[in-house]
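Engineer: Please see the structure below; I have some questions.
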Amino acid sequence: MRTLPGTTFTTTNPGLNKIRRRQMGNSYSLPSVRLYEDKILDHGVLSLISLWDRQIATSPDQKKTRVNFYYDFHGMAFDIIGVLGFGKSFNILATGDRKMVECTGKTVSLGAFRASAPFGGTLEKIFRDWIVARKYLRTTAEKTIFQRKQENAESLRTNKPGAAKHVDILQRLIDARDPFTGKPIEEVALKAEVLLMVIAGTDTTSNTLTWIMLCLLRHPVVYQRLKSDIRAAFPSKSATIRYDMARSTLPYLTAVIYEAMRLYPAVAGYIPRYVPQQGAHLMNGAYFLPQGTEVCISFFASHRNRDVWSNPTDFNPEHFMGAGAEERLKDVLTFSSGVRICVGRHLAMVELYTITNMITEQLKEYLTTAVAIAKEVGPAFTDGFWRTGRFAASSDFASSEKMGNRADCVTEVDRYIEKTIFSRIRQIYPEHKFVGEETTAENGDDYIVTDEPTWIVDPVDGTNNFVHHFPYTGVSIALAINKEPVVGVIYLPVLDELYTAARGQGAFMNGMPLPIIRAPALTTPSSLADCMILSEHGHTRTEEVMGPRLASFTRLLLDKKLGGGCVQNLRITGATCPDLTMVAKGVADVCWELGPHAWDFAAGVVILTEAGGAVFDGAGWWGKDIPEAERTPKPLNIWNRKILAIRYIPDLPGRPGSGREIQKKLAKEVLEIVGDLEYAPDGLH
C-alpha cells in the first residue's frame, strides 16, 4: 500500500522488517501495554458506557435506547488510538465527530485502489476527496510528531525531564532505538508508523468486538455462561477487571474471544509475504518454495479447515476449552504468525479482554444505586432541615456528644439517614464494606481499611449548617475499590443540586456536564491573586490546631509585600462537600483543608477529578487527564486527612498543557504559604 511505505505491516523486505521490530519492540510489548491500560479503560469502555447511559437518559422512557455498536466500537477504537498514538483522544464518542474515521476509510480505499489500478495516477483525480482525506491524515501525524518533539525539547531546555515525558506509544516510537546500531526511526518512517496505528489498529479491534457482540447476542447460552463465569470469579463486581486478571481467571472469556476471531478474523488474509534467502520447506518437506516466492494465505479459509476444527462453521467456544487449549490458540492466525506476527497484538488483546468483560458486566449500576439512595433520603433530609414531617416534634433533635464541644454536633437526622443508606446498600451488595461518619463516631475509629469495595458515607455533611438552616449541607455517598474512590454522589437537597460521577464517565450536576465554567474568561486564574479559595476551620478548637490554621489563613490573605499570597477571596462555608462541588463547577478555584475525614471528601474528589480538576493528597497529584509520568505513583490517598483541590483550567490558546501547568503553579503557591499539621490517618491499614 503506497499510503504506508516501509512499515512493519506493509514492508516485504525481511531486512527492514527486522530493523523495525528491533527499534519498536518495546513500544507494543505487553509490559508497555500494561502501562497504557488505564488510558485504554478511560477512553475506551468507560467512555462507551457513559455514551450509552446518556442515550438511555435522553430516551423517551429513560430505560432503553437503540445503539449502533459497530459505529460506537469504531469511535471507541479511534479514541484509544488517538490518546496512545496522537497524544490526545479524538473524542469521537463524546462529540460524534467522525471526521477521523471517514478520512481513514478514504485513505485505505485510495491505497487499495492505487495498488490494484494500473492507471491510478490518472484516475486519482476523479477521487479528489480521497486525496484530501489522505493529506489530512498525513498532516495530523506530522503535527502530532512535531508538537511532541517540541514538548520534549522544551522539557530538556528547562531542565525538567519529567514534565513532558509521556507514557504512550507515540513517545516510545520517538524514543525507539535499534539496540544493535543505536539508530532511531527515520522521520518518514516514524510518520508512517503513526499512521499505521490509526489505519491498522482501529478496524481490527472494532470489527472483532462487533463480531464478539453479535456472536453473544446470537448465542444466549454462551452469553449467560460468560456472565456467570465473570460474576463467579469477581463476585464484588469490581469496576476495573484488568487484562491480567481476566486472562488468568476467565478461560471461557478467552475461548469466546478466540472463537469469534477464528470465525470472523479482522483481516481475512491474502497479505503477501516473500520466502527468505534459504527458501522454505512445507509439510515435512513435501513442498519446497525457493527464495523470492510470493506467498499468500487465507486466514478465513484456514480457520475453517475440517482437518483442524470440528464443525468449523459453528460458533463454539469449547474449541478452546479443555486439554490442549493453549496450543489451539496458536492455530488462530488473525494476528499472523512467526517473524511477521502483528506487533500490535498485545494492545488489541488488552482492548478485547477489558472491553468484552466490562460490557458483559454492566458496572454503572454502582452509580445508579448511589443516586437512587441519595434521592430516597432527600425528603427526610429536607424534613429535618425545616423541622417538619417526621422530625417536627423531636425533643432530642441535636446533641453535642461526639466531641464534647458545641462545634461538633450530631442530629437525629444524621443517624436516621446513615442507617437508611447502609440498610439499602446491604440489601443489594451484602458482601461490601461500610464506613460512615456516625457509625465510626459511635464505635470508635479503629475500623479496618481493605481493598474490598467500601461505601463511605456522610449522612449530613455540614451538620452545623444544617442545624442553623444554612443551605450548604448535604448527603455524601462514595464507593472506594482498592482503597481508591471510583463513584461519588453529593446531594444538596435544600439547593436541589445533585452531583454525580464515576471514574472515566464524567461528572454532572443535575445532568449537566461539569465544569459549568469551561472557556477561558475573566475568572480563569493565573496566580493566587486571582483565586477564590475555600477552606474550613474545623471542629477542634485547641490552640495547637487553631493557631496554625489561623496563621495559614492570615498568610493567604496578606499582601505579597508582607510575604502573603494576597488571594482575591477566602471563603468558609462550613462543609467540605459543598466546597468541592463549587470547585468542580468552576465557581471557586481552590479548596484547601487539613483534618477532614474520608467521608468528608471521598465523593467530592471523584466529582472534581472527573470534572477535570486536580487533587493533591500530600504525596503527589492526581486527576483524570494528568499524564502517568506526572502523577503520584500510588492511588489518591483519601485516608490521610489532607486535601488540596484545584478546579479545571482550560489551556491557553496555542499552548497545549498550559491549563495543567497553571494547576500545578497554584498548588505550589498554596503549599509554600500555608502551614501543615499531622493527623492520624483514618482507619487501620
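Engineer: Rank by packing, highest mean first: peptides 555-565, 275-285, 242-252, with packing defined as the count of other Cβ atoms within 10 Å averaged across residues.
Structural biologist: With the highest mean Cβ count within 10 Å placed first, the list reads 242-252, 555-565, 275-285.
Engineer: Calculate, for LEU562 and THR542, the FRET efficiency according to 1/(1 + (r/R0)^6) with r their C-beta to C-beta distance and R0 22 Å; round to the nearest 0.05.
Structural biologist: So, using R0 = 22 Å, E works out to roughly 0.20.
Engineer: Any idea of the accessible area per residue across the range 168-316, 1.4 Å probe, to the nearest Å²?
Structural biologist: 50
Engineer: What distance in nm separates the simple spin-label points at THR181 and LYS149, each placed 7 Å from Cα in the Cβ direction?
Structural biologist: Here the answer is 1.8 nm between the modelled labels.
Engineer: Could you sort 601-608, 47-54, 546-553, 650-657 so that the peptide with the highest average Cβ count within 10 Å comes first and the rest follow in order?
Structural biologist: 601-608, 47-54, 546-553, 650-657
Engineer: Past 32 Å, Cα to Cα: identify those pairs from LYS135/LYS183; LYS149/LYS585; LYS585/LYS642; LYS99/LYS665, in the order given.
Structural biologist: Violating the 32 Å Cα-Cα cut-off are LYS149/LYS585; LYS99/LYS665.
The values are calculated or read from the model by the stated rules, or taken from the named source; none is laboratory data. Keep in mind it's a predicted model, so treat the numbers as computed, not measured. Because the Cβ atoms are built from the backbone with ideal geometry, glycine has one as well, and the counts that use them run over all protein chains shown. These area figures cover heavy atoms from the full protein model, side chains too; ligands, DNA and RNA do not enter into them. Shrake-Rupley method; radii C 1.70, N 1.55, O 1.52, S 1.80 Å.
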